[in-house]
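A short write-up of the structure that comes next.
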C-alpha cells in the first residue's frame, strides 16, 4: 500500500487506491484514504475514507469519517460522520455518530446511532 509522506510544510499526502487496483488483505492507515479500486479485507483508517462511485470494499470499515459513493459489503463504524451518496450500495450494519443518506442510496442492514463520538481503534 502507498505510504503517507510528510512534507516540510506539515501537510501530508493521503493514500489513493486507483481504479483497476485490487488489494486482497487488510489495510490500515493513519491518514485519509480514497478507494476507487477494490479491497477485499478490513480497512482501518484514523482519518477519512472516501469510496468513489466505482470503489468496492468487501470487509469491515473502521474510521473517523466516511463518504461512500461505491459499494461496501461489510460493517462500518465511524466515530463522527458517515455519508451515503446517491450511487452507494451498502450491505452491512453501521455504527455512527452522524448519518447522511442521499436519495437513491441503497442500504441493507441495521443502524446504531452513537450518543457520543467514540475513539476508533
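Please treat every number below as a calculation from the coordinates, not as lab data. Being a predicted model, the structure only gives us computed values, none of them experimental.
With viscosity set to 0.890 mPa s and temperature to 25 °C, compute the Stokes-Einstein D of region 20-60, Rh being the Kirkwood radius across alpha carbon pairs; µm²/s, no decimals.
Numbers: Rh = 10.1 Å.
This corresponds to a translational diffusion coefficient of 244 µm²/s.
Taking the DSSP beta bridges in the chain as the whole, what percent of them are antiparallel, to the nearest 5? Please list the in-between numbers first.
Values: 1 of 46 bridges.
Roughly 0 percent of the DSSP beta bridges within the chain come out antiparallel.
What does the extension gain come out to for residue 19 and residue 100, with contour length at 0.36 nm per residue minus their alpha carbon separation?
26.6 nm
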